[in-house]
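Presented below is the structure to which this report refers.
Any read-out appearing in this document is the output of simple, stated calculations on the displayed coordinates, not a laboratory observation. Since the model is a prediction, treat every value here as computed from it, not as a measurement. For neighbour counting, all protein chains shown are included, and Cβ atoms are generated from backbone atoms with ideal geometry for every residue, glycine included.
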Amino acid sequence: MPHPPVNVSTLRDMKGAGKPIACLTAYDASYAQLLDLAGVDLVLVGDSLGMVIQGHDTTVPVTVRDIVYHCRAVARGLRRAFLVADMPFMSYSNPSQALDNAVRLMQEGGAMMIKLEGGDGQIEIVEHLARHDIPVCAHLGLKPQSVHKIGGFRVQGRDASQAEAMLSAARRLQDAGSDIVLLECVPNEVGASITGALEVPVIGIGAGPGVDGQILVLYDILDITQGRTPRFVRNFQQDHQSPLAAIEAYVQAVRDRSYPAPEHCFS
Ligand code: KIV
């Protein structure tokens, strides 16, 4: 019997049951099929495609058109996994622009939820999207679209006041209507405390073991990415014969909590 498609309630139930949510990025139909076969719960068409597909140094050049194109391809490959699409840089600078672009990602791209890099400045936007029944994932912690403003890719929330501000932003984003919060590059304690404080699922990338689910960039776990990878990346390809076996190993490691190990975490 094929598993029923994952939806927002499935993800909430997984949080409630303490079952870790396995998430990965994808950018095309062939890999999307493998992710589905391997049992990945949530697939993100991330603006990381600017780096791993287009070869840019950051995610900043990615456009709504790029995400729509890749999202359509990924949607064709999925049967079960929940599909989330990234809102690119400057595609949600005010509520009505955000709504127009979110509608494109859902109607033209086939996304079931949109993700935006948020904070207190995005509360009004999230409220506006939620009022129009657009499911939202709010991305906190390291926000790669702000890389030029923050001066590089670095761990966020290490000092107490920053951690407190992140927790308060997460609460406000949940109250505004976010259905998922994603935390990138934060110390374990920050990941665990935000997860404990929220009712919605919290997905982490470099946020330690205390979150409700894990996400990584597909090309990082398949050892395709060249050069230095972030500390939280684990190469799942090295012990496996095929990409499908590597992705299955990732899902298993998320489920049994052997990933992330201490060497993938920040303190
Ligand atoms: O763009 C992306 O792939 C992401 C993940 C790294 C979470 O935002």
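Worth pointing out:
- Taking every alpha-carbon pair within the chain, the share separated by more than 23 Å comes to 47 percent.
- Net charge of the neighbourhood of ALA38, taken over other residues with C-beta under 13 Å away and scored Lys/Arg +1, Asp/Glu -1, is 0.
- Residue of ARG131, ARG171, ARG228 that the Gaussian network model of the chain assigns the largest fluctuation, springs spanning Cα pairs under 10 Å: ARG228
- The GluC sites (Glu not before Pro) found in the range 159-267 that occupy coil by DSSP, while having at most 11 further C-beta atoms within 10 Å, are GLU199.
- Helix-only [θ]222 nm of the chain, DSSP H runs n ≥ 4, -39500 (n - 2.57) each, per residue, nearest 500: -12000 deg cm²/dmol
- Under 10 Å, Cβ to Cβ, from LEU24 - net charge with Lys/Arg +1 and Asp/Glu -1: -2
- Within straight-line cross-link reach of LYS15, aspartates and glutamates at Cα separation under 19 Å, skipping those fewer than 8 residues along the same chain: ASP41, ASP175, ASP179, GLU184, GLU189, GLU199, ASP212, ASP256
- Hits among lysines - C-alpha to C-alpha of LYS143 under 20 Å, sequence gap 8 or more where chains match: LYS115
- Cβ-placed point charges (K, R +1; D, E -1), dipole of the chain about Cα centre in debye, nearest 20: 160 debye
- Sequence ranges 49-59, 138-148, ranked by mean other-Cβ count within 10 angstrom, highest first: 138-148, 49-59
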